[in-house]
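Below is one structure, written out as structure tokens, with a few remarks after it.
No lab work stands behind these numbers, since they all come straight from the coordinates. As the structure is a computational prediction, the values presented were derived from the model and not from experiment. Cβ coordinates were reconstructed from backbone atoms using ideal geometry, including for glycine residues, and neighbour counts include every protein chain displayed.
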Amino acid sequence: MDTDEITLSSPIEEKIAWAEHRYESFSGPLIQDKPIVDYLTRIEDAIQASHKEMGEAGILDICRDCEKNEGGSCCGAGLENKYDGWLLLINLLLDVRLPKKRHDKESCFFLGEGGCLLKARHVICVNYLCKKITDQIDPHKLNALREKEGIELDILFLLNERLKIVL
Ligand code: SF4
Ligand code: SF4
């Protein structure tokens, strides 16, 4: 396979191979680029801040219960196709190990036993809140979460753009 030729409609395995090939060939120069290093640090912090906010709002408890008792339902098969190679490359730069195969045929390629395997997620995944959550969580807490997620997505955009310039 020519790893230089992928599109958004390429199979996820090909996108992963593309990202891994880029990572193996270029991670050295990439992590010597100061803006990239800054964005990677800032996005780790922003992802942690969003996660903390989700925990404090009670969303993680609701999701845990939903996954255990109702099988979850929001990370369905096919959602992985929203991801492009660049976002997967960002995950590799954040020390994520991308899966080789799907854990559950009904679910997204990136859903592992303990939840999503990715750190940098697509805007659709970051923004998604099901009715179970919006009905139960105080809107002020949801607004606080939206603010944190906005920061996460802004940095992700800047990092994505910077990678395209440097590579
Ligand atoms: S977002 Fe909604 S559907 Fe998905 S795991 Fe959480 S509670 Fe369940
Ligand atoms: S949150 Fe993760 S597992 Fe769920 S749909 Fe998005 S990428 Fe897939």
**OP:** For every other residue with a beta carbon closer than 11 angstrom to the beta carbon of Lys100, add +1 if it is Lys or Arg and -1 if Asp or Glu, then tell me the sum.
**Re:** +1
Original post:
Please report, for the Cα atoms of the chain, the Rg to one decimal and the Dmax as a whole number; what are they, in angstrom?
Top reply: 16.5, 50
Subject >> segment 106-162 - Rg and Dmax from Cα coordinates, angstrom >> reply: 13.4, 39
Subject >> Residues His140, His21 arranged by fewest to most Cβ contacts within 10 Å >> reply: His140, His21
**OP:** With a cut-off of at most 11 other beta carbons within 10 Å, and DSSP calling the residue loop, which trypsin sites (Lys or Arg not before Pro) in segment 45-153 qualify? Please list them.
**Re:** Arg97, Lys100, Lys101, Lys105
**OP:** Using DSSP to define loop residues, name the GluC sites (Glu not before Pro) in segment 104-152 whose beta-carbon has at most 13 other beta-carbon atoms within 10 Å.
**Re:** Glu106, Glu113
Subject >> Largest-first principal axis extents of the Cα set of segment 38-122 (Å) >> reply: 40, 32, 18
Original post:
Setting aside same-chain residues fewer than 8 positions from Lys132, which aspartates and glutamates have a Cα under 16 Å from its Cα?
Top reply: Asp61, Asp65, Glu67, Glu70
Subject >> In degrees, nearest ten, helix 12-30 long axis to first principal axis of the chain (Cα) >> reply: 60
